[in-house]
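Below is one structure, written out as structure tokens, with a few remarks after it.
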Amino acid sequence: MPARRDLANAIRALSMDAVQQANSGHPGMPMGMADIAEVLWNDYLRHSPGNPDWPDRDRFVLSNGHGSMLLYSLLHLTGYDLPLNELKDFRQLHSKTPGHPEYGDTPGVETTTGPLGQGLANAVGMALAEKSLAAHFNRGDHEVVDHWTYVFAGDGCLMEGISHEACSLAGTLGLGKLVVFYDDNGISIDGDVAGWFTDDTPKRFAAYGWHVVPGVDGHDPEAVRVAIDVARADGRPSLICCRTMIGWGSPNKQGKEEAHGAALGDDEVALVRETIGWPHEAFVIPDEIYSGWDAGERGTAREADWNDRMAAYRKAHPELAAEFDRRLSGRLPDGWAEYCERLLAETAEKAESPATRKASQAALSGFAEVLPELMGGSADLTGSNNTRWKGATDITPADPDGGYVYYGVREFAMSAIINGIVLHGGWRPFGGTFLTFSDYARNAVRMAALMKIPSRFVYTHDSIGLGEDGPTHQSIEHLASLRLIPRLEVWRPCDAVETVAAWRRALEREDGPVALAFSRQGLPHQPRDVAQLANVARGGYTLVNSEGTPDVVLIATGSEVHLAVDAVEPLAGTGIRARVVSLPCAEVFDAQDAAWREAVLPRGVPRVAVEAGVTDWWRRYVGIDGGVVGIDTFGESAPAGEVMRHCGFTVEHVVEVAQAVAGRG
């Protein structure tokens, strides 16, 4: 068996060689954390390179994702489907080794990391998902959910505010199978962090309720091993503070910012080889080193042992096992489609006119009856977001077998934790806040879209209709801003019926996230025939039609749809035939075939958009000559009705703009 240091040096060599060949990357962190990684991956990490998706594997998250070559080296050396040529193509077009780890591109990468701190928050979500699943499914000696979540994080991750949000919650929830290795190398891009990061990190995490192992020599494998044993035995989330040397082994650049974000240079690479005793050419790994790293046989044996345990579990608890298999596979319950159709029809029959945030709560209560994997929460706005459904049970440290999380005022962490829960599997999570606070969480929403994962983000109080809280809380640009994120679907329903359809889509979608924007104020029910009920799912449809070819098309969303509907009759009185199109989700509508889009929005017919948000985004539908009843300034503090009238959201104004666009003004 090769010496530990030789195994670690393979990481260092591959990392510096790949960065050098690409002339781009971050060699310093992989070289500094190689010894820690060797101990963790060879002595503790339970994984199966032949099956990266084995459900009971330990999760490893590289939160300091700029050091991606550390992870790529580990995956290659331990036997994942990541051949050496992929490492040679580091940071090149279409390679499996992008500049930062990307979920779905590389086998063994659990989450996309790079925006610092988010990987750590994702890991909190993974640990929460594991703890809750274990509490729900494990029975006596049948422990089919029993794995750890390990994280590598650097100074940058801990400087980002999201680390405070996520780690504070992790301590409160007692996520004891979460272990974070803090790469305390004292260097960031600007140099010695002592000039801008002097936190007492161990005390900070102790204050969160974490177990802390301070002062570990990150280049002493035995010290690292002892620290891991102590952390795993404690029962609280653990932070292992590892003092390391960035760029370890580089005679002229170790311990300096020069090793952080640039290739070392050919001369320095040669010196590193001499210094660490690595005589092999670039990208050459001796067979004995490969043998020392190979985790294929161990992984297969561990997976086989778990399969045996699952077989015994299925025999002892067949119904639980069937439910476990369904949830881990991501399949919806039998009869799901029929249930959804019935719920939609019943909602339409009731013809109620609540705020869509209240309609959302009712829809959730309905879906929760057949969807035990629902996990919801709110960032300290449960009563306002209406995210806690009827019959929901709370997740607490003492009782993690629940479905509702009180996230506290942590919008960013909540969103990134939701991403982690989705990535773990077994749950369909969502989290709520006010739409205006989506700004706090935006990058986590973007990451969900980048990863093509079905995270769900609930945003209530979606416009100036919020009223008295005023412009600090009234959304103006947020809908348009969210709609600019590729792959994100933004649903803004106009009543309870569209709310059910929006939630169904959010729960069914598998290839990307969904944002749901709900009103604070009550919205009138819109009558629909059977065909229109079905058409809501197409994202845009004709809600009210005129006889013959329309003279103008009114396109509206959410709380403004009723204004467009109420404008039809007065427009008819002036000889203008108006069609009303409800557009609850532009992204879904745009994905329909051309024939449907043309049928709903016929060419050559003038258009007016009506939405309480910025106007520019709507030019894609109404054109330069069309009209937009919107708002391009901030709101006012006053009762909702007064603010709406003050800002021009009245039937009279819609009629006026429609007349002008139709050439009758």
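The values are calculated or read from the model by the stated rules, or taken from the named source; none is laboratory data. As the structure is a computational prediction, the values presented were derived from the model and not from experiment. Please note: Cβ atoms are built from the backbone with ideal geometry, for glycine as well, and neighbour counts cover all protein chains shown. Side chains included, ligands, DNA and RNA excluded: accessible areas come from the protein's heavy atoms. Shrake-Rupley method; radii C 1.70, N 1.55, O 1.52, S 1.80 Å.
The number of residues in segment 556-572 that are farther than 21 Å from Arg520 by Cα and either among the aromatic types (Phe, Trp, Tyr) or open to solvent by less than 40 Å² (accessible area, probe 1.4 Å) (or both) comes to 3. Scanning segment 525-543 for residues that are closer than 11 Å to Glu498 by Cβ and in a helix (DSSP H, G or I) returns Gln532, Leu533, Asn535, Val536, Ala537. In this entry, Val651 is excluded by the filter for residues that are touching a strand residue (DSSP E or B) at 6+ places or on another chain (Cβ under 9 Å) and either open to solvent by 20 Å² or more (accessible area, probe 1.4 Å) or touching a residue at least 40 places away in the same chain (Cβ under 8 Å) (or both).
The residues of segment 88-116 that are in contact (Cβ under 8 Å) with a residue 60 or more places away in the chain, more than 13 Å from Ser68 (Cα to Cα) and touching a Phe, Trp or Tyr at 6+ places or on another chain (Cβ under 9 Å) amount to a single one, Lys88. In the set (1) in contact with a strand residue (DSSP E or B) (Cβ under 6 Å, 6 or more places away or on another chain); (2) outside any helix (DSSP H, G or I), Asp53 fails one condition alone, (1). Can you name the residue in segment 290-307 that is open to solvent by less than 50 Å² (accessible area, probe 1.4 Å) and among the small types (Gly, Ala, Ser) and is also farthest from Asn42 (Cα to Cα) among such residues? The residue in question is Ala304. Could you check, for segment 485-505, whether at least one of its residues is part of a helix (DSSP H, G or I), over 23 Å from Gln118 (Cβ atoms) and basic (Lys, Arg)? Checked segment 485-505: at least one residue is part of a helix (DSSP H, G or I), over 23 Å from Gln118 (Cβ atoms) and basic (Lys, Arg). Scanning segment 544-559 for residues that are part of a loop (DSSP other than H, G, I, E, B) and out of contact with any Cys (no Cβ under 9 Å at 6 or more places or on another chain) turns up Asn545, Ser546, Glu547, Gly548, Thr549, Pro550, Asp551.
Quick one: is Leu71 open to solvent by 40 Å² or more (accessible area, probe 1.4 Å) and among the aliphatic types (A, V, I, L, M)? No.
Among the conditions (1) open to solvent by less than 10 Å² (accessible area, probe 1.4 Å); (2) over 24 Å from Leu320 (Cα atoms); (3) of a type in the set (Ser, Thr, Tyr), the only one that Tyr80 does not satisfy is (1). Might you check whether a residue that is open to solvent by 40 Å² or more (accessible area, probe 1.4 Å) and closer than 16 Å to Ala359 by Cβ occurs anywhere in segment 479-499? So far as segment 479-499 goes, no, none of its residues is open to solvent by 40 Å² or more (accessible area, probe 1.4 Å) and closer than 16 Å to Ala359 by Cβ. Evaluate segment 432-446: report whether one residue or more is surrounded by 23 or more Cβ atoms within 10 Å (Cβ to Cβ), free of Cβ contacts under 8 Å to residues at least 40 places away in the same chain and hydrophobic (A, V, I, L, M, F, W, C). Yes; the residues of segment 432-446 include at least one that is surrounded by 23 or more Cβ atoms within 10 Å (Cβ to Cβ), free of Cβ contacts under 8 Å to residues at least 40 places away in the same chain and hydrophobic (A, V, I, L, M, F, W, C). Filtering segment 88-116 to residues that are surrounded by 23 or more Cβ atoms within 10 Å (Cβ to Cβ) and touching a Ser or Thr at 6+ places or on another chain (Cβ under 6 Å) leaves Phe90, Pro101, Thr113. Whenever a residue of segment 1-22 is without any contact (Cβ under 8 Å) to a residue 12 or more places away in the chain and crowded, with 24+ Cβ neighbours inside 10 Å, it has no partner that is aromatic (Phe, Trp, Tyr) and in a helix (DSSP H, G or I) lying with C-beta atoms less than 9 angstrom away and at least six residues away or across chains. Hey, does segment 67-81 have a residue that's under 30 Å from Pro397 (Cβ atoms) and either among the hydrophobic types (A, V, I, L, M, F, W, C) or in contact with a Pro (Cβ under 6 Å, 6 or more places away or on another chain) (or both)? No, the conditions are met nowhere in segment 67-81.
Candidates in segment 578-615 are the residues that are open to solvent by 20 Å² or more (accessible area, probe 1.4 Å) and touching a helix residue (DSSP H, G or I) at 6+ places or on another chain (Cβ under 6 Å); of these, the one that is farthest from Arg645 (Cα to Cα) is Gln592. All of Gly255, Gly247, Gly261 fail the test of being closer than 17 Å to Phe152 by Cα and either touching a helix residue (DSSP H, G or I) at 6+ places or on another chain (Cβ under 9 Å) or in contact (Cβ under 8 Å) with a residue 24 or more places away in the chain (or both), apart from Gly247. Scan segment 310-321 and give yes if some residue there is of a type in the set (Asp, Glu), within 30 Å of Leu77 (Cβ to Cβ) and open to solvent by 50 Å² or more (accessible area, probe 1.4 Å), otherwise no. Within segment 310-321, none of the residues are of a type in the set (Asp, Glu), within 30 Å of Leu77 (Cβ to Cβ) and open to solvent by 50 Å² or more (accessible area, probe 1.4 Å).
From the list Gly575, Gly626, the one residue that fits, being surrounded by fewer than 21 Cβ atoms within 10 Å (Cβ to Cβ), touching a helix residue (DSSP H, G or I) at 6+ places or on another chain (Cβ under 7 Å) and not basic (Lys, Arg), is Gly626. Determine if segment 68-83 includes at least one residue that is in a loop (DSSP other than H, G, I, E, B), of a type in the set (Gly, Ala, Ser) and over 29 Å from Arg309 (Cβ atoms). No: zero hits. Residues that are in contact with an Asp or Glu (Cβ under 8 Å, 6 or more places away or on another chain) and modelled with pLDDT of 95 or more do occur in segment 351-358, at least one of them. Residue by residue through segment 326-357, note down the ones that are part of a helix (DSSP H, G or I) and either surrounded by 16 or more Cβ atoms within 10 Å (Cβ to Cβ) or in contact with a Lys or Arg (Cβ under 6 Å, 6 or more places away or on another chain) (or both). Across segment 326-357, the qualifying residues are Arg326, Arg327, Leu328, Trp336, Tyr339, Cys340, Leu343, Leu344, Thr347, Ala348, Thr356, Arg357.
Filter segment 56-67 for residues that are part of a loop (DSSP other than H, G, I, E, B) and out of contact with any Cys (no Cβ under 8 Å at 6 or more places or on another chain); which is farthest from Arg91 (Cα to Cα)? Applying the filter and picking the extreme gives Asp56. Looking at Thr97, Thr111, just one residue is closer than 22 Å to Pro49 by Cα, of a type in the set (Val, Ile, Thr), outside any helix (DSSP H, G or I) and in contact with a strand residue (DSSP E or B) (Cβ under 9 Å, 6 or more places away or on another chain), and that residue is Thr111.
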